[in-house]
Amino acid sequence: MPRLAANSPELTESQSPSYTPPIEEQTSQNHNNTVPEIPLEIISDEEMALIEAAFAATRSVISSPLRASSSSAHFPNNVRSIKSITLLSKRSFSGCSSQSDPLVIDVEDSGRLMSSQKRNRVVASLLSRYRRKRGLAVTDITATEWCEKKMEYTLLCGKPEKTKAMKAGSIRHEELEEEVIKKVKVYVESAEDFWALKFLNFIVGANQLLFDGLTCELPLVGFAEGVWMVGVIDEIRMPEGQSDAYPMLVDTKTRVEASLPLEPQRRNGRLQLMCYKHLWDSLVADDFPSRQFFEFFSLNPNHILSAQIREHTAKCGFAAETLTDMLRYSRNTWCMLPPAHEQLLLRYELQKDQSLLGEDQFEYDLHWVKGQITSSLEVWRGEREASYTSEDERWKCRYCKFASECPASKSGSPRRKDTEG
């Protein structure tokens, strides 16, 4: 049975679902959205204080001009640069829209971001503005751990163009996926269809794991540390010859250079796998608040799924008419699965020939991963400002697309290139 995959305007690319053999998505989104120009106005500290007082009463925040664009290669017209965002931050709040959960971001008067000089304040909420109705991706957590400022700049300015290493890594992951699953295209008509495919992909992938001992690109959604999180596990293996086997979560990283990564890169990869296990274990423990799920993602639990989706569920051996039906079948599947193995595995391959450079097998640390998620959420929720990467890891700045605007990059001492894809 082929795996289904769908895309939705409400979800990021990293959150698209997959199911054991997936069905790829077909969408007709318009990626040429334009952002209206908004007049700029420089205001004084006194005026800013009045604006903030008004903001407290109206709960306004910045509107669409700061929206991230995942398709921006060289910051086209519909994506703002860091300097233009600085100017936008000083405009009057007449064009603001209403949102809650504000995050305070400091912007220097001279035009650079995050200076310790005289500042104005931009009220925004990374979580509510950029992940509303779609959940926080595991890659959002790892990006925040890598560098909080880079994560923030990426949201505000849009993703820079992918490097050759990143493109090669994506191609390799597609090759690994094709070795295990077959994709079939399907058209999704609603958000409910999208989530139904996500659950269906998990059900079929879990069955493949139980019967064949291996599956890949398995979608996850769960409630962890007070937020909805989503992710896609690279690979899951069931150890052979063990009656009480626990599935092992595996992630493959590709490398340009024939060397193992530095500790910060390994740490980031470990965090990613630990987040997946955290979500997996919560699902198999049936810790899934259904009502909150429907409410957060604004879904109709009784929505009749499309004919194509219902046809595919029937081929899988069960008849699901609504999203509630799909969730019920998913819960039945979760209850059949054991918790993930305490040992997690990172594999490092050389991009040019897929040869194995080494493996990093490590033990799950629930206390550490929960602490990392909580720390990231402090930034996403606006409880504190995003921090620069630590002094001993400023070598990352040399290879950051935002280095020319980030004050931290000017004091760093680069040591080695990030060569992962």
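When the pairs Lys150/Lys370; Lys159/Lys370; Lys198/Lys253; Lys198/Lys315; Lys150/Lys253; Lys150/Lys396 are compared against a 19 Å limit on Cα-Cα distance, Lys150/Lys370; Lys159/Lys370; Lys198/Lys253; Lys150/Lys253 fall above it. The calculated FRET efficiency for the pair Asn332 and Glu240, based on their C-beta separation and a Förster distance of 22 Å, comes to about 0.30.
Summarising the amide proton neighbourhood of Leu136: residues at separation of 5 or more, or on other chains, whose placed amide H is nearer than 5 Å comprise Trp228, Met229, Val230.
Placing dummy labels 7 Å off each Cα toward the beta-carbon, the span from Gln292 to Ala314 is 3.7 nm.
Subtracting the Cα-Cα distance of Glu321 and Phe362 from their residue separation scaled by 0.36 nm leaves 10.5 nm. Residues whose amide H comes within less than 5 Å of that of Thr254, counting only those at least five positions distant or on another chain, are Glu349, Gly421 (H built at 1.01 Å from N in the peptide plane). Over the range 363-404, the ratio between the Cα radius of gyration and 2.2 N^0.38 Å evaluates to 1.47.
Go ahead and run the numbers for FRET between Arg132 and Ser355, Cβ-Cβ distance against an R0 of 56 Å, rounding to 0.05.
After rounding to 0.05, the efficiency reads 0.85.
Each peptide in 212-223, 268-279 was scored by the mean count of other Cβ atoms within 10 Å over its residues; highest first, the order is 268-279, 212-223. On the range 183-324, 49 percent of the accessible area sits on carbon and sulfur atoms, based on a 1.4 Å probe.
Remark: spin-label model distance Ser404-Asp392 equals 3.2 nm, labels positioned 7 Å along the Cα→Cβ axis. The distance between label points at Glu189 and Glu263 comes to 5.6 nm (points 7 Å beyond Cα on the Cα→Cβ vector).
In terms of the mean number of neighbouring beta-carbon atoms within 10 Å, the peptides 323-333, 391-401, 288-298, 227-237 order highest first as 227-237, 323-333, 391-401, 288-298. Within the full protein context, the accessible area of Glu257 is estimated at about 80 Å² for a probe radius of 1.4 Å.
If you take the square roots of the eigenvalues of the alpha-carbon gyration tensor of the range 210-368 and sort them as a ≥ b ≥ c, do you get rounded (a/c under 1.5), prolate (a/b over b/c) or oblate? Since a/c reaches 1.5 and a/b is larger than b/c, the shape of the range 210-368 is classed as prolate.
The values are calculated or read from the model by the stated rules, or taken from the named source; none is laboratory data. These numbers come from a predicted model, not from an experiment. When we count neighbours, we look across all protein chains shown, and the Cβ atoms used for this are built from the backbone with ideal geometry, even at glycine. When the accessible area is computed, the model is the full protein with side chains, heavy atoms only, and any ligands, DNA or RNA have been set aside. Shrake-Rupley method; radii C 1.70, N 1.55, O 1.52, S 1.80 Å.
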